[in-house]
Amino acid sequence: MIQPPDFLDLPPRQSRPRAKGLTHVLDKGLPPAATAEFLAQAGHLVDIAKIGWGVGYVDPTLTERVALYRAAGVEVSLGGTLLEVCAAQGRVDQLRDWALSCGVSVLEVSDGLARFDRATKTDLIRRLSPHFSVAAEVGAKDAGVPVIDAEWIADMEADLEAGARWLVTEGRESGTVGIYSGDGTVRDDLISAIAQRLPIDRVIFEAPNKAQQTWFIRTVGHEVNLGNIAPEEVIPLETLRLGLRADTALRIPGYVVPTSSVGSSDTSENEKV
């Protein structure tokens, strides 16, 4: 693979395995050949691939595709809805054993269907965290469920205490619930509360739409963790992170573009603020 050029001064990015600036992809069932092609082009930019909802359960190529992801250095997660269905049927142990046999390294523990109480979710995280990295999601998938900042913060703190590696904020594929209003705008008071009370590097904000990704990069920074990214949006997202798209060019928080005359090859060192 030809290495990209490096003559621009751009915001620094951690290399994988990253502690921050994660790109969490929503895989809705790519065929193996498409998975391989995607990884050949953009795999170095992906940290976690979530096989969404219950897709993994009905995908006969799951094990093959998990192997492709893992060989490319990408963690693989199963969707939280599958876990919720398994929990409702008393089949969590079967899910655990099957996921391990497929090479899955991350399990999402969610309560998007609003069927768990706090004790049940805590128990699931504690049962699964010795075997997987747990991504604990907070928020309901039903737009009619009220979003109460204090309740979200309390749930996220409890998930961390129970052993979750990451905290995922619900936004769905549509970007119209949870941390977003029905029109897709960010609930900025909620995000501010999360940033004040929780380790931001442990939070993955679902942000399927460009406007939402742009808001987080402008507000939190270019190495914010973003989730539910469509495979075809991984490279465009990286251009947003690096200020190579008009939406974020020259507007990355904490990064000042070196000043130089137009056309000059003499550039100064990056200044962090």
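The values are calculated or read from the model by the stated rules, or taken from the named source; none is laboratory data. If you're wondering where the values come from, they're calculated on a predicted model, not measured in any experiment. Neighbour counts are summed over all protein chains in view; Cβ atoms, including those assigned to glycine, are modelled from backbone coordinates with ideal geometry.
Assorted remarks:
- Contacts under 7 angstrom Cβ, first residue in the stretch 70-81 being closer than 12 Å to V104 by Cβ, partner surrounded by 23 or more Cβ atoms within 10 Å (Cβ to Cβ) and of a type in the set (S, T, Y), 6 or more apart: V76/Y69
- Qualifying residue in the stretch 42-51 (condition: within 18 Å of the chain's Cα centre (by Cα), charged (D, E, K, R), part of a loop (DSSP other than H, G, I, E, B) and crowded, with 16+ Cβ neighbours inside 10 Å): yes
- Checked against (1) crowded, with 22+ Cβ neighbours inside 10 Å; (2) within 13 Å of the chain's Cα centre (by Cα), W152 passes all but a single condition, namely (2).
- In the stretch 235-254, residue surrounded by the most Cβ atoms within 10 Å (Cβ to Cβ) [restricted to those that are within 15 Å of R13 (Cα to Cα) and among the β-branched types (V, I, T)]: I252
- Of all residues making up the stretch 56-81, the number that are in a helix (DSSP H, G or I), in contact with a helix residue (DSSP H, G or I) (Cβ under 8 Å, 6 or more places away or on another chain) and β-branched (V, I, T): 2
- Among the conditions (1) within 20 Å of D27 (Cα to Cα); (2) surrounded by 17 or more Cβ atoms within 10 Å (Cβ to Cβ), L124 misses just one, which is (1).
- Members of the stretch 171-227 that are under 20 Å from T239 (Cα atoms) and either of a type in the set (D, E, K, R) or in contact (Cβ under 8 Å) with a residue 60 or more places away in the chain (or both): I204, E206, P208, K210, R218, H222, E223, V224, N225, L226, G227
- Among the residues of the stretch 85-121, the ones that are within 26 Å of A143 (Cα to Cα) and surrounded by fewer than 22 Cβ atoms within 10 Å (Cβ to Cβ) come to 13 in all.
- Some residue of the stretch 86-102 being under 28 Å from S181 (Cα atoms) and either touching a strand residue (DSSP E or B) at 6+ places or on another chain (Cβ under 9 Å) or of a type in the set (A, V, I, L, M) (or both): no
- Filtering the stretch 161-209 to residues that are under 27 Å from A119 (Cα atoms), within 13 Å of the chain's Cα centre (by Cα) and aliphatic (A, V, I, L, M) leaves L167, V168, I200, V203, I204.
- Of P231, P199, all but one fail to be crowded, with 18+ Cβ neighbours inside 10 Å and at pLDDT 95 or above; the exception is P231.
- Any hit, the stretch 174-187, residues being within 30 Å of D97 (Cα to Cα), modelled with pLDDT under 95 and surrounded by 17 or more Cβ atoms within 10 Å (Cβ to Cβ): no
- The lone criterion from (1) within 25 Å of R18 (Cβ to Cβ); (2) among the small types (G, A, S); (3) in a loop (DSSP other than H, G, I, E, B) left unmet by G90 is number (1).
- Number of positions in the stretch 113-143 that are touching a Ser or Thr at 6+ places or on another chain (Cβ under 7 Å) and of a type in the set (G, A, S): 4
- Residue ID - farthest from R127 (Cα to Cα), chosen from residues in the stretch 83-97 that are charged (D, E, K, R) and in contact (Cβ under 8 Å) with a residue 12 or more places away in the chain: E84
- Single residue of S129, S77 found to be farther than 21 Å from N228 by Cα and surrounded by 15 or more Cβ atoms within 10 Å (Cβ to Cβ): S129
- Taken as a whole, the structure leaves V134 outside the set of residues that are over 16 Å from the mean Cα position of the chain (by Cα) and in contact (Cβ under 8 Å) with a residue 24 or more places away in the chain.
- Where V92 falls short, out of the listed (1) modelled with pLDDT of 95 or more; (2) more than 19 Å from the chain's Cα centre (by Cα); (3) within 16 Å of I235 (Cα to Cα): (3)
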